[in-house]
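Contents: one structure, followed by commentary.
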Amino acid sequence: MADIQYLPIDPDRLTAMRAKGADEFGNPWEPYQAAGGEPLRCCLRTADEAEPIVLMTYTPWTAIDSWMEAGPVFVHSGPCAGYT
């Protein structure tokens, strides 16, 4: 059985998305305050209440693949400490 790994979004990709204010699918970012507990894919922790976050479309693949899927993920709307 394969181990499951949870990886943060590549910081360079996320920086580029933050700079253009949209995800890689062209959907504009609409920051809002977290309710608390949202799973953040930028730093692999849960959001604190009232943190500015975004729900965006993301795929970990960078090249076309038959298994390529995209789905919704939460990230901080601005820079964060990331995952160490």
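The values are calculated or read from the model by the stated rules, or taken from the named source; none is laboratory data. In this text the structure is predicted, and so the values were computed from the model without any measurement. Every residue, glycine among them, receives a Cβ derived from its backbone with ideal geometry; neighbour counts consider all protein chains shown. Side chains included, ligands, DNA and RNA excluded: accessible areas come from the protein's heavy atoms. Shrake-Rupley method; radii C 1.70, N 1.55, O 1.52, S 1.80 Å.
So which of 41, 45 ends up being among the charged types (D, E, K, R) and within 11 Å of the chain's Cα centre (by Cα)?
Working: 45 fails: within 11 Å of the chain's Cα centre (by Cα).
That would be 41, the only listed residue that is among the charged types (D, E, K, R) and within 11 Å of the chain's Cα centre (by Cα).
What's the total number of residues in region 48-63 that are more than 22 Å from residue 5 (Cβ to Cβ) and more than 14 Å from the chain's Cα centre (by Cα)? Give the derivation first.
Here is the first cut: in region 48-63, the ones more than 22 Å from residue 5 (Cβ to Cβ) are 48-55.
Remaining after also requiring more than 14 Å from the chain's Cα centre (by Cα): 48-51.
Number satisfying all stated conditions: 4.
Looking only at region 18-43, which residues are of a type in the set (D, E, K, R), open to solvent by less than 40 Å² (accessible area, probe 1.4 Å) and more than 21 Å from residue 5 (Cβ to Cβ)?
Looking only at region 18-43, we keep the residues that are of a type in the set (D, E, K, R), and these are 18, 20, 23-24, 30, 38, 41.
With the extra rule that they be open to solvent by less than 40 Å² (accessible area, probe 1.4 Å), the set shrinks to 23, 38.
23 - this is the single residue of region 18-43 that is of a type in the set (D, E, K, R), open to solvent by less than 40 Å² (accessible area, probe 1.4 Å) and more than 21 Å from residue 5 (Cβ to Cβ).
Take residue 19 and decide whether it is without any contact (Cβ under 8 Å) to a residue 12 or more places away in the chain and out of contact with any helix residue (DSSP H, G or I) (no Cβ under 7 Å at 6 or more places or on another chain). Explain how you work it out, then say what you get.
Details: without any contact (Cβ under 8 Å) to a residue 12 or more places away in the chain: yes; out of contact with any helix residue (DSSP H, G or I) (no Cβ under 7 Å at 6 or more places or on another chain): yes.
Yes: the conditions hold for residue 19.
Can you tell me which condition residue 38 does not meet? The list is (1) of a type in the set (Asp, Glu); (2) modelled with pLDDT of 95 or more; (3) out of contact with any strand residue (DSSP E or B) (no Cβ under 9 Å at 6 or more places or on another chain), and all the others hold.
(3)
Could you give me the residue pairs with C-beta distances under 8 Å whose first residue belongs to region 58-75 and is free of Cβ contacts under 8 Å to residues at least 24 places away in the same chain, whose second residue is aromatic (Phe, Trp, Tyr) and surrounded by 14 or more Cβ atoms within 10 Å (Cβ to Cβ) wherever it lies, and which are 6+ apart or on separate chains?
Cβ pairs passing all conditions: 71/58; 72/58.
Can you confirm whether residue 10 is among the acidic types (Asp, Glu) and over 14 Å from the mean Cα position of the chain (by Cα)? It would help to see each step written out before you state the result.
On the way: among the acidic types (Asp, Glu): yes; over 14 Å from the mean Cα position of the chain (by Cα): no.
When the stated conditions are applied, residue 10 does not pass them.
Here's a check for you: in region 44-84, which residue that is touching a Cys at 6+ places or on another chain (Cβ under 7 Å) and more than 15 Å from residue 17 (Cβ to Cβ) is surrounded by the fewest Cβ atoms within 10 Å (Cβ to Cβ)? First the steps, then the outcome.
First, the residues of region 44-84 that are touching a Cys at 6+ places or on another chain (Cβ under 7 Å): 75-76, 80-83.
Okay, now just the ones that are also more than 15 Å from residue 17 (Cβ to Cβ), so 81, 83.
Values: 81: 9, 83: 15.
Step by step, filter region 44-84, then rank; the result is 81.
Select, from 7, 14, the only residue that is open to solvent by less than 40 Å² (accessible area, probe 1.4 Å), of a type outside the set (Phe, Trp, Tyr) and not in a strand (DSSP E or B).
Numbers: 7 fails: open to solvent by less than 40 Å² (accessible area, probe 1.4 Å).
After ruling out the rest, the residue left standing is 14.
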